[in-house]
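Readers should treat all values here as calculations from the given coordinates under stated rules, not as data from a laboratory. These numbers were taken from a predicted model, which means no experiment stands behind them. As a convention, Cβ positions derive from the backbone with ideal geometry for all residues, glycine included, and neighbour counts pool all protein chains shown.
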Amino acid sequence: MPVDFSGTWELHSAVNLEGYMVALGIDFATRKIASLLKPQKVIKQDGDSFTIRTLSTFRNYEVSFKIGEEFTEETKGLDNRSCQTVVTWENDKLVCVQKGEKKNRGWTHWIEGDELHLELTCEGEVCKQIYKRSQRS
């Protein structure tokens with residue numbers, strides 16, 4: 001049985017968010033606002049079906065997917081691009097590959113104890129975030 005990611009997670013730390021956002025082409029003002037936010041992730045997992053909601057006082061983002069099924073992702077409210085996205089299991093990690101205008105784009109989620117780790121990549125930049133569980137679903 002795969003890891004259960006369901007729950008509510010609060011951002012605890014972020015490393016190189018600025019570099020990652022620059023690689024995405026996000027404008028200066030939005031980057032400055034985003035760097036001050038402490039977003040919350042609400043993850044609902046039903047077997048291999050997921051909904052991940054990223055909530056903040058500035059913008060919210062939601063993505064739903066089924067493991068192994070490619071879909072068109074519209075990153076509205078983030079960098080406003082369209083990409084072909086597929087998420088797979090690699091051991092106990094969720095690995096996302098986003099094909100589109102930006103190279104080497106995607107993310108990896110995994111859990112260690114009550115921490116949700118998120119590694120975001122775009123071109124040559126890597127942002128590492130750690131969320132702490134605040135609620136189980």
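The table below lists the values:
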quantity	calculated
Choice from K44, K99, K32 showing the highest fluctuation, given a GNM over the chain with Cα pairs closer than 10 Å	K32
Inter-site label distance for S6 and I26 at 7 Å from Cα along Cβ, in nm	3.0 nm
Convex hull projection area averaged over all views, the chain, Cα basis, nm²	7.6 nm²
Nearest-0.05 FRET efficiency for Q84 and D114, computed from C-beta distance (R0 30 Å)	0.35
Simple Cβ-charge dipole of the chain, Lys/Arg +1 and Asp/Glu -1, about Cα centre, in debye nearest 20	420 debye
Length-normalised contact order for the range 1-109 - Cα pairs under 8 Å, 6+ apart - percent	17 percent
Reciprocal mean inverse distance between Cα atoms of the range 26-73 - Kirkwood radius, Å	12.4 Å
Helical contribution to [θ] at 222 nm, DSSP H n ≥ 4, -39,500 (n - 2.57), averaged over the chain, rounded to 500	-3500 deg cm²/dmol
Burial order of peptide ranges 89-96, 122-129 (average beta-carbon count within 10 Å, highest first)	122-129, 89-96
Partner lysines for K93 [C-alpha distance under 29 Å; skip if fewer than 8 residues away on the same chain]	K38, K41, K44, K66, K76, K102, K103, K128, K132
Segment T57-S35, length gained on full extension (0.36 nm per residue, minus Cα span)	6.7 nm
Spin-label model distance (nm) - D48 vs F71, 7 Å beyond Cα toward Cβ	1.4 nm
Total formal charge among the other residues, if their Cβ is under 12 angstrom from that of K93, Lys/Arg +1 and Asp/Glu -1	-4
